[in-house]
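These notes are about the structure you will find just below.
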Amino acid sequence: MDEALATAVWDSALAAPSYHLPAWIHGDLFPMNLLADRGTLSAGIEFDLMGGGDSGGDMVPAWTLLTAETRPLFREACGVDDDTWIRGRGWALKAGLGAVRRYGVGGHPRAVTGQRSLSQIAADYPRTS
């Protein structure tokens with residue numbers, strides 16, 4: 001990922017204020033922690049990071065799993081404000097970079113998810129900021 005773009009995404013996430021008390025969050029909504037039944041989300045699993053925190057963290061699937069066409073549907077269904085969405089993109093950047101750092105750019109599922117997150121952020125950021 002382009003360093004200047006990554007820095008801009010991160011800086012925008014840090015600048016997005018949170019006016020809300022910590023929310024109850026899952027904290028690790030990577031695709032491998034989401035279950036679907038016939039194309040419909042049915043459950044979230046693996047609750048090691050569950051607790052109180054920034055609800056922006058639970059927006060990560062918007063960039064790790066969804067497309068430019070489906071991201072707005074997810075955002076609308078979640079009912080989040082602009083600042084939460086921007087912080088969510090920062091959380092997705094962190095998760096993507098962490099996955100690529102740990103698993104490389106090969107075929108490991110977490111590496112693939114990390115790469116996808118970074119590519120979706122890179123494609124989405126200039127259009128939405």
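Here are some notes:
- Directionally averaged shadow of the chain, computed from the convex hull of its alpha-carbon atoms, nm²: 7.9
- Scalar couplings 3J(HN,Hα) for the stretch 21-30, obtained by applying the Karplus form with A = 6.51, B = -1.76, C = 1.60 to θ = phi - 60°, are 5, x, 9, 6, 10, 7, x, 8, 8, 5 Hz; x denotes Gly and Pro.
- Residue of D58, D37, D83 that the Gaussian network model of the chain assigns the largest fluctuation, springs spanning Cα pairs under 10 Å: D37
- At most 15 other Cβ within 10 Å, DSSP loop - chymotrypsin sites (Phe, Trp or Tyr not before Pro), the stretch 20-85: F47
- In the chain, the portion of solvent-accessible area held by carbon and sulfur atoms comes to 60 percent [1.4 Å probe, whole percent, DNA, RNA and ligands not counted].
- With K and R counted +1 and D and E -1, the other residues having a Cβ less than 15 Å from that of A77 yield a net charge of -2.
- In order along the stretch 113-125, the Karplus-derived 3J(HN,Hα) couplings, from 6.51 cos²θ - 1.76 cosθ + 1.60 at θ = phi - 60°, round to 5, x, 4, 5, 4, 5, 5, 5, 5, 4, 6, 8, 4 Hz, and Gly and Pro are given as x.
- Helical content of the chain, expressed as a calculated mean residue ellipticity at 222 nm, amounts to -16500 deg cm²/dmol (DSSP H runs of 4 or more residues, -39,500 (n - 2.57) each, divided by residue number, nearest 500).
- A simple rule links phi to the HN-Hα coupling: the Karplus curve 6.51 cos²θ - 1.76 cosθ + 1.60 with θ = phi - 60°, which for the stretch 40-53 gives 10, 4, 10, 6, x, 10, 6, 9, 4, 9, 4, x, x, x Hz, with x for Gly and Pro.
The values are calculated or read from the model by the stated rules, or taken from the named source; none is laboratory data. All figures in this text were calculated on a predicted structure; none of them were measured in a lab. Positions of Cβ are generated from backbone atoms using ideal geometry, with glycine treated the same way; all protein chains shown enter the neighbour counts. The accessibility values were calculated without ligands, DNA or RNA, using every heavy atom of the protein model including side chains. Shrake-Rupley method; radii C 1.70, N 1.55, O 1.52, S 1.80 Å.
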